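The values are calculated or read from the model by the stated rules, or taken from the named source; none is laboratory data. This structure is a prediction, so every number in the text was calculated from the model and none was measured. Here Cβ is always computed from backbone atoms with ideal geometry, including for glycine, and neighbour counts include all displayed protein chains. The accessibility values were calculated without ligands, DNA or RNA, using every heavy atom of the protein model including side chains. Shrake-Rupley method; radii C 1.70, N 1.55, O 1.52, S 1.80 Å.
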Amino acid sequence: MDDPALDDRIRKIGREIFSRVTESSRFSSPLARLDDAMMAWSMRNERRKSRLFRFVDCLPSLRSSQAIARHLREYLHISLPGFSPVVAAAATLGVSRMARKFIAADDLDHAVKTIAELRRKRLAFTVDLLGEAVVSESEADQFQRRYLELVELLPARLAGFAEDSLIDRDAAGAIPRANVSVKLSSLFSQFDPINPAGTSQAVLARLRPIIRMARKNGAMINLDMEQFAFKDLTLEIFKSVFTEDEFHDWPDAGIAIQAYLRCTLDDLKGLAEWSQRRGTPVWVRLVKGAYWDFETVVAAQNGWPVAVFIDKAQTDANFESAAAFLIENRHLLRPAIASHNVRSIAATLAHAQRCGAKPAEIEFQMLFGMADAVKTALVQMNHRVRVYAPVGRLLPGMAYLVRRLLENTSNESFLRAGFIDRVPEEQLLMSPILRKRRPAARPIPAFTNEPPVDFSLQSSRDDMARAIAAFSAQGRAEVPLLIAGQRIFTDQWIESINPSHKSRVVARCAGASAEHANQAVAAAKTAFAAWRDVPAEDRARLLDRVADILLRDRFELAAVEIAECAKPWREAHADIAEAIDFCRYYAWQMRQLASPAGADVPGERNRWLYESRGPAAVIAPWNFPLAILCGMAAAAVVAGNPVVLKPAEQSPLVAFHLARAYEEAGAPPGVVNYLPGVGEEVGPVLVEHPDVAIIAFTGSRAVGLSINHLASEPRDNQDHVKRVIVEMGGKNAIIIDEDADLDETVAGVVTSAFGYSGQKCSACSRAVVLTGVYDAFLARLIEAVASLKIAPAEDPGCRIGPVIDAEAHRRILAAVERGKRDARLAFAGDTGPLADEGYYIAPHVFADVPPSSPLATEEIFGPVLSVISARSLDDALSIADGVQYALTGGIFSRSPANIARARREFRVGNLYINRQITGALVGRQPFGGFKLSGGGTQAGGPDYLRHFLMPRCVTENTLRHGFAADAE
Ligand code: FAD
């Protein structure tokens, strides 16, 4: 604190609050003390705390006393055999009591009673409606109805209370008694900053009637602030609706701003300027922020800069600065200071006194069930205190409860420090500036994934829109073959069509003949002689340069993928980021493998080294048009094997960009040859060619198996055994356990099954659901699927685009027709007016699918999901494993024992627990399956490169006439 007088003042006010707190705590009830003792017990051991909270989290989803007893045993090792009902009842009672501490009421009637009690203590309130995460439009409608009911009925129910000027008036006069907090994500199931216009439109359509009703009945509306990615859009929607003619002069609106963000003051300045233009002030509820763990994890997982402060003292210091800003600008932004931290509150009061602000101009806010003694102290000091009162049922309230428990018991929590750990008052009142810590230096990892583009940033959205416009302005591209550094046009053209708009030709591409295939292999063979001896470090550097070029061109490339393959924005960028990762990862791996290892004994020197194999044919699919082609090619090239790239007929333009990137990066002629053509014509020539040493293929099972077969037969003049690396399809299942968190399960299954219209080999095509949760899951799933927007891929709101081409369109629809014979078609979407525009297929969900029917066993590669019921986990595992494929799989469960079983017995290449089953990242999730899904070679993992290399061992005897000399 650079102002000692102010700091003295803050400490003085803080001490006063503490003395009042101590006084009122003396009268706390024995039950409250029991709660404190429970908390203290749970915190003595971090592992126990986390297991206890995890148990609390899943308890409401458990349907029988046996299930509760089992989970208690699994999480907390509490077991009383034969007493399940008693144990279950005691646990439920304990958790319900805990929940009632933080959840004010379960319905409106009960809420009014709680409000009356609060008012007796001279406390104002704001109601927060608890609910499940909104995954469908019908759930968003339901939330809107609940908000509407609240703002319609609550004001009348409160009108009869006698006025209390401390809470019913501020410096300007009466303020609404009914106060409702609204989360915008509850008003639109597809809330996504990638699509600000579509999101705003949908949110506003539901928000306006709520505001209208609130205004009519005299209720106040405050927008909560959620995760950082939603922040700009939430602010935008807030400003836009309260600038509209109908609402621009309404003073009873507010928004929460989080002080743990580095950008708090900028946002407050923006709001103040806007409020000035508007001419009517709004409320700002200043909070520290409830998503700290989430924000730091999301940033770490994506490699994004962290939006929140990492040092708690910085959050506290920022909170004080932001509170001061609000006080100074209170004619524009009316301050509502939401904190339980006595230092933060005292700092606000000291600033207010210094600025001559009247007590009624500043409101304090705290959460229901937290820091009650601090609330009482502030009321005694004549300040208006508003309590944030969550209302709703226990099940959806559990997530809220666990958040509060975590917050109260976090190492950084003021309440823990003050009321449980009993840290001395003077330390608690210390200026945050004096508490600041120096950040610890972090080790630099050897390989890091390319961070995905963050579409919550306006600049990213602008770059993408510009690239799409530039690409469509370019007109049709013409693409040659590239053999031995020569561009070759042929008399055959292959047209690549935009699947979203089938009348648009994206590119015309020269088609290779069998003769061209022979030329390309000859070029690769010639290049091999020199390339194999280029130092591994130089080959690795080539890949690094290719990665840099792809990164530089990522928006341009994404625009090509959107047009040529109908990849939605995020998916297109993920494909490019993965390609970049492959280059960097294999470059790094090659550097490791290049230094020979060995096991020496005295007199004997052993060196193990890797040798290049020879020309490689790389045959790639269209569904990850850059990443898969690039990954297979990068592994071959860095291992010293020149390549012939044979892209899919549907994605030649994307592939050409890769060939050009190698050219620009300085690959010698012949090291990367580009050979688009009809698969049936050039594929067999490459596979059977006696000079091709490696075939790396990703695609369908039929083609993969036939390549494996063809390659096994040695041809004339062939002096080696061909190495075949095949990655084929899947019929991937997600098991849904009875205790699964349905909010996350539904979202995870929808993303896994319908992302890129199910055209991923990792996609989920079977949901294997335990009977106890089957109906509930299916109902929410169908509503969620019905809410997905079908749109052309260039539309940022697109959740389901078209499938790749006419052939796929026909094949998938035929599979749907056949499926109707096996099972009940529970949902079929409608492509509406898009039906004739492109190859659109709406999502389909089949229910009650027999596990051995073709629908449940054959790959469809489209937006079709089969829901299968299972009697038990045994049954579910045998259904999941009972297909010829073993690629990806998943389980949603909150039972540690069932998760452990799935880890062992759900035998697939990539198993995902409690998350979507698509989106493997290079270096983190080596990707690939076995059985008829592939040969067990996982791309992007530590073993992959070895498949492109030949191991050798050189042994030297260093003993000369009995004398052990150095090796030659
Ligand atoms: P303190 O213990 O002083 O602060 C805890 C906070 O510090 C954490 O919550 C976190 O924000 C921050 N923190 C913790 N560790 C670190 C670290 N290592 N580095 C940096 N910062 C750290 N939150 C929202 O996000 N959106 C809302 O809309 C919202 N509405 C609320 C409404 C009311 C009325 C109230 C009282 C709270 C609301 N909150 C909201 C929750 C609020 O953010 C938390 O209750 C608050 O963070 C607790 O702060 P404190 O000052 O009481 O406690």
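The numbered conditions (1) within 16 Å of the ligand (Cβ to nearest atom); (2) open to solvent by 30 Å² or more (accessible area, probe 1.4 Å) are all true for H110 except (1).
Summed over the stretch 358-371, residues that are open to solvent by less than 20 Å² (accessible area, probe 1.4 Å) and away from the ligand (no atom under 13 Å from the Cβ) total 1. Just one of the numbered conditions (1) part of a helix (DSSP H, G or I); (2) surrounded by fewer than 21 Cβ atoms within 10 Å (Cβ to Cβ); (3) away from the ligand (no atom under 14 Å from the Cβ) is not true of N382: (1).
Taking the stretch 327-339 as the range and being part of a loop (DSSP other than H, G, I, E, B) and within 16 Å of the ligand (Cβ to nearest atom) as the test, only S339 passes.
Whether any residue in the stretch 232-241 is crowded, with 18+ Cβ neighbours inside 10 Å, part of a loop (DSSP other than H, G, I, E, B) and touching a residue at least 60 places away in the same chain (Cβ under 8 Å) is what I want to check. No, that holds for no residue. When we screen E688, E680 for residues that are among the acidic types (D, E) and in contact (Cβ under 8 Å) with a residue 24 or more places away in the chain, the only hit is E688. Scanning the stretch 570-620 for residues that are free of Cβ contacts under 8 Å to residues at least 40 places away in the same chain, assigned to a loop (DSSP other than H, G, I, E, B) and aliphatic (A, V, I, L, M) yields one hit, A599. Just one of the listed residues (V374, V342) is open to solvent by less than 20 Å² (accessible area, probe 1.4 Å), under 15 Å from L123 (Cα atoms), near the ligand (Cβ under 10 Å from one of its atoms) and of a type in the set (V, I, T), namely V374. Restrict the check to the stretch 536-548 and report whether at least one residue is outside any helix (DSSP H, G or I) and either modelled with pLDDT of 95 or more or charged (D, E, K, R) (or both). Within the stretch 536-548 (the criterion being outside any helix (DSSP H, G or I) and either modelled with pLDDT of 95 or more or charged (D, E, K, R) (or both)), the answer is no, since none of the residues qualifies.
Taking the stretch 785-812 as the range and being part of a helix (DSSP H, G or I) and surrounded by 24 or more Cβ atoms within 10 Å (Cβ to Cβ) as the test, only V785 passes.
If you go through the stretch 559-595 and keep only what is open to solvent by 20 Å² or more (accessible area, probe 1.4 Å) and in contact with a Phe, Trp or Tyr (Cβ under 6 Å, 6 or more places away or on another chain), you end up with E571, W588, L593. Only strands (runs of 3 or more DSSP E) whose full extent lies in the stretch 866-961 are considered here, and the ones with at least 2 residues that are among the small types (G, A, S) are 888-892.
Residue-by-condition table, conditions (1) within 16 Å of the ligand (Cβ to nearest atom); (2) within 30 Å of H331 (Cα to Cα); (3) open to solvent by less than 10 Å² (accessible area, probe 1.4 Å):
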| site | (1), (2), (3) |
| --- | --- |
| S138 | no, no, no |
| R146 | no, no, no |
| E149 | no, no, no |
| G160 | no, no, no |
| A172 | no, yes, no |
| I175 | yes, yes, no |
| V180 | yes, yes, yes |
| Q190 | no, no, no |
| N195 | no, no, no |
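Pairs linking a residue in the stretch 348-376 that is part of a helix (DSSP H, G or I) and among the hydroxyl-bearing types (S, T, Y) to a residue that is open to solvent by less than 10 Å² (accessible area, probe 1.4 Å) and within 13 Å of the ligand (Cβ to nearest atom), with Cβ atoms under 7 Å and 6 or more positions apart or on different chains, are T348/A323; T348/I337. Pairing residues of the stretch 408-428 that are at pLDDT 90 or above with residues that are more than 11 Å from the ligand (Cβ to nearest atom), at Cβ distances under 6 Å and at least 6 apart in sequence or on separate chains, gives E425/F18. In the stretch 281-313, the qualifying residues are those that are in a loop (DSSP other than H, G, I, E, B), within 13 Å of F228 (Cβ to Cβ) and within 8 Å of the ligand (Cβ to nearest atom), and the one that is nearest to the chain's Cα centre (by Cα) is Y291.
Do we have F827 as farther than 23 Å from N195 by Cβ, of a type outside the set (S, T, N, Q), in contact (Cβ under 8 Å) with a residue 40 or more places away in the chain and touching a strand residue (DSSP E or B) at 6+ places or on another chain (Cβ under 8 Å) here? In short, yes. The residues of the stretch 424-466 that are within 16 Å of the ligand (Cβ to nearest atom), surrounded by 14 or more Cβ atoms within 10 Å (Cβ to Cβ) and of a type in the set (A, V, I, L, M, F, W, C), listed by number, are L428, L429, M430, I433.
Yes/no matrix, rows are residues, columns are (1) in contact with a Leu (Cβ under 9 Å, 6 or more places away or on another chain); (2) modelled with pLDDT of 95 or more; (3) among the aliphatic types (A, V, I, L, M):
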{"site": "R206", "(1), (2), (3)": "yes, yes, no"}
{"site": "R212", "(1), (2), (3)": "no, yes, no"}
{"site": "M220", "(1), (2), (3)": "no, yes, yes"}
{"site": "L223", "(1), (2), (3)": "yes, yes, yes"}
{"site": "E226", "(1), (2), (3)": "yes, yes, no"}
{"site": "F230", "(1), (2), (3)": "yes, yes, no"}
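Selection over the stretch 387-423 of residues that are in contact with a helix residue (DSSP H, G or I) (Cβ under 6 Å, 6 or more places away or on another chain), more than 9 Å from the ligand (Cβ to nearest atom), open to solvent by 20 Å² or more (accessible area, probe 1.4 Å) and not in a helix (DSSP H, G or I) gives a count of 1. Selection of the stretch 300-323 for residues being surrounded by fewer than 20 Cβ atoms within 10 Å (Cβ to Cβ) and among the aliphatic types (A, V, I, L, M) yields A300, V306, I310, A313.
Going by what's in this entry, would L626 be described as open to solvent by less than 20 Å² (accessible area, probe 1.4 Å) and farther than 20 Å from A523 by Cβ? Answer is yes for this residue.
Is it true that A352 is surrounded by 21 or more Cβ atoms within 10 Å (Cβ to Cβ), away from the ligand (no atom under 16 Å from the Cβ) and among the small types (G, A, S)?
yes
Does W250 count as modelled with pLDDT of 95 or more, open to solvent by less than 20 Å² (accessible area, probe 1.4 Å), more than 14 Å from the ligand (Cβ to nearest atom) and out of contact with any strand residue (DSSP E or B) (no Cβ under 7 Å at 6 or more places or on another chain)? In short, yes.
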